[in-house]
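These notes are about the structure you will find just below.
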Amino acid sequence: MTYSISAWGIVVESLFITDIIFSFRTAFIDKSGQVIADGRQICICYLKTWFTVDLITSLPFDLLTFTLDVKLVQMIKAVRLLRLLKLGQKMDRYTQYTSGVLILLMSVFLVVAHWMSCIWYVIGQMEMNWDVGWLRRLGNDINMPYHAVGAVNAPSGGPPIHSVYITSLYFTLTSLTRVGFGNVSPNTDAEKIFCICIMVLGALMYAVVFGSVTTILQGMYSHLSPRRTRTDDLPASLRQKLLEHIQITINNCLDIIEDQKKD
């Protein structure tokens, strides 16, 4: 059997390698809060911290398909999840911006949906011996049924992989968002158990992610609220004088408190 390197794999590996190159030329902030732009210090710091992780995750795993089983290579690719540790360390940079938090929350939601859809596909393959499994039902519904071939009745045929993934992602998203149209449904025990887990996870994510999005959007558009403070109705010059008077009063009060403490 021959294997080909996917274009998507080439793009991902190219981006990872490019990231390594840029990391050798990217300034960093040391423990004292100073920005270090010296090339030698940048290289030393990067080699001591994230270089090993970045190098491992940038290896061309698709080339291993010529010598190893494809499923085994897909499991080895999971090592790329180590890059999430690097993202988590830099998370505080993006949480200061509202747009960054929104993008981050939606990205987390989509990544979890992708992972769940992959698990749903694996369960469908495991339940292939059952005629009521979701993969077989999908093949029958679109007139692309699976056929058993060989002595071990290995399945062949069926829908193309992109159609299977789209259906799996569609089912996962409808389950996580608690919509559930029912046109893709669990039938075997394993599929039902997974569905229970994904609905519990969906309820939690729906409350956290979309609740946070609602709070952020309310903060973004709070200035458009018809309710305004009284100071907003004052002229700019008068409002500035009022703020200065308040600041002077606060400073005087603090001075009085300090004098009383000394006495």
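The values are calculated or read from the model by the stated rules, or taken from the named source; none is laboratory data. If you're wondering where the values come from, they're calculated on a predicted model, not measured in any experiment. We place every Cβ from the backbone using ideal geometry, glycine too, and count neighbours over all the protein chains shown.
Take region 173-187 and flag every residue that is closer than 21 Å to Met144 by Cβ and either outside the structural domain of Tyr146 (by TED's automatic domain parsing) or of a type in the set (S, T, N, Q) (or both).
Listed by number, the residues that qualify are Asn183, Ser185, Asn187.
When both residues are 6+ apart or on different chains and their Cβ atoms are under 8 Å apart, which pairs have a first residue that lies in region 15-27 and is touching a residue at least 24 places away in the same chain (Cβ under 8 Å), and a second that is surrounded by 12 or more Cβ atoms within 10 Å (Cβ to Cβ) and among the β-branched types (Val, Ile, Thr)?
Going by the 8 Å Cβ cut-off, the qualifying pairs are Phe16/Thr57.
For the list (1) surrounded by 12 or more Cβ atoms within 10 Å (Cβ to Cβ); (2) modelled with pLDDT under 85, I need the number of the one condition that Thr67 fails.
Condition not satisfied by Thr67: (1).
Out of Met75, Met128, which single residue is of a type in the set (A, V, I, L, M, F, W, C), modelled with pLDDT of 65 or more, within 27 Å of Cys195 (Cα to Cα) and not assigned by TED's automatic domain parsing to the domain that holds Phe171?
Met75
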